[in-house]
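Following: one structure in structure tokens, then a few remarks.
The values are calculated or read from the model by the stated rules, or taken from the named source; none is laboratory data. Nothing here was measured: the structure is a model prediction, and the numbers come from that model. Virtual Cβ from ideal backbone geometry, glycine too; neighbours counted across all protein chains shown. Surface areas here come from the heavy atoms of the whole protein model, side chains and all, with no ligands, DNA or RNA. Shrake-Rupley method; radii C 1.70, N 1.55, O 1.52, S 1.80 Å.
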Amino acid sequence: MSRLLNDDEVKTFHRDGYVIVPGLFSSKEINKLYQTATADTVIRENALDLNDQTGKKTKLTLWFTPGDDLYSLLIRSNRMVNSVAKLLDSDAAVCHFHTKLMQKEPRVGGAWEWHQDYGYWYKNQFLFPDQLVSVMVALTEANKQNGCLQVIKGSHKLGRVNHGFAGEQVGADMEMVNHALKKMELVYVELQPGDALFFHSNILHRSEANLSEKPRWSLISCYNSLSNPAYNDDSAGWKKPVEIVADDLLLKSGSTGASVAGDFLKKEKDPAWKETKWEKEVKTS
């Protein structure tokens, strides 16, 4: 039987802004994905390096349209899409906005500053943050030593916080972040390979640089409801329902790595990195 979020997990998500699901993917599935990803030249050639505020680089490869490659069989799997459907504030079909492969390498992987995903996506002009959900699937162990994700529990209830630029990233207003930290719990999201973190588009989160000897890799897929238009975004996936595939296809399929024809993110095309008048007034450090 497919492993979907249960009622208690759905309640936890709405209360805390996130929920951790241990072992959503098996060790065999994760080993297959990780081995594919680390040898994938297309992924490597389309990776972006973003400087944090100390100059350390965080590496990611982001694409918009899922196809038939191995990553897409995870993105389109029943357990991912129909679990997300339980969390979105809509009865409309689930669409895929984008997926990114996070590659935080030993000793050099940079930090992610405090931010909300909707702090980015507000510039794409999505209307409804409650109709955007992300799912992080750990491909390697994530812990404090290698820069695991940190979240402020319940911070999705703050609504959207102003964001400005923090190095080459987009960062939340630190005055509001510091207020939130006085009232809300800081949680280190430590994961084993195959664990999944479902999180709201407005939860405040960050991660430290990876100063350990071990990599931290993960896939983060962002989903949107068909009823939630983006008025400043040229990608197409967010307005097309996901074609769901069976969960067992990930292991059965002979699919390999990313396609050369994939529509990968180019920094100059992303609305989040385009400056408007108000970013310079936001204190991100």
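A few notes on this one:
- Test: LYS153 is at pLDDT 95 or above and over 18 Å from the mean Cα position of the chain (by Cα): no
- Residue match in the stretch 20-37 (condition: out of contact with any Leu (no Cβ under 8 Å at 6 or more places or on another chain), farther than 24 Å from SER225 by Cβ, buried (at least 22 other Cβ atoms within 10 Å of the Cβ) and not basic (Lys, Arg)): no
- Residue that is nearest to CYS222 (Cα to Cα), among those in the stretch 39-68 that are open to solvent by 20 Å² or more (accessible area, probe 1.4 Å) and over 19 Å from the mean Cα position of the chain (by Cα): ASP68
- Flag for TYR34 being at pLDDT 95 or above and part of a helix (DSSP H, G or I): yes
This table checks each residue for (1) closer than 12 Å to PHE97 by Cα; (2) part of a strand (DSSP E or B); (3) modelled with pLDDT of 85 or more.
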residue: ILE220; (1), (2), (3): yes, yes, yes
residue: ASN224; (1), (2), (3): yes, yes, yes
residue: GLU243; (1), (2), (3): no, no, yes
residue: ASP247; (1), (2), (3): no, no, yes
residue: LEU250; (1), (2), (3): no, no, yes
residue: GLY254; (1), (2), (3): no, no, yes
residue: SER259; (1), (2), (3): no, no, no
residue: GLU268; (1), (2), (3): no, no, no
residue: THR276; (1), (2), (3): no, no, no
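- Per the listing LEU87, LEU73, the residue uniquely in contact with a strand residue (DSSP E or B) (Cβ under 7 Å, 6 or more places away or on another chain), in a loop (DSSP other than H, G, I, E, B) and either at pLDDT 95 or above or among the aromatic types (Phe, Trp, Tyr) (or both) is LEU87.
- Among the conditions (1) buried (at least 22 other Cβ atoms within 10 Å of the Cβ); (2) out of contact with any helix residue (DSSP H, G or I) (no Cβ under 9 Å at 6 or more places or on another chain), the only one that ASP195 does not satisfy is (1).
- Matching residues in the stretch 71-93 - criterion: being surrounded by fewer than 23 Cβ atoms within 10 Å (Cβ to Cβ) and more than 16 Å from the chain's Cα centre (by Cα): ASN78, ARG79, ASN82, ALA85, LYS86, ASP89, SER90, ASP91, ALA92, ALA93
- Residues in the stretch 221-233 that are surrounded by fewer than 20 Cβ atoms within 10 Å (Cβ to Cβ) and farther than 18 Å from TYR122 by Cβ: LEU226 only.
- Residue within the stretch 161-173 that is in contact with a helix residue (DSSP H, G or I) (Cβ under 6 Å, 6 or more places away or on another chain), open to solvent by 10 Å² or more (accessible area, probe 1.4 Å) and assigned to a loop (DSSP other than H, G, I, E, B) present: no
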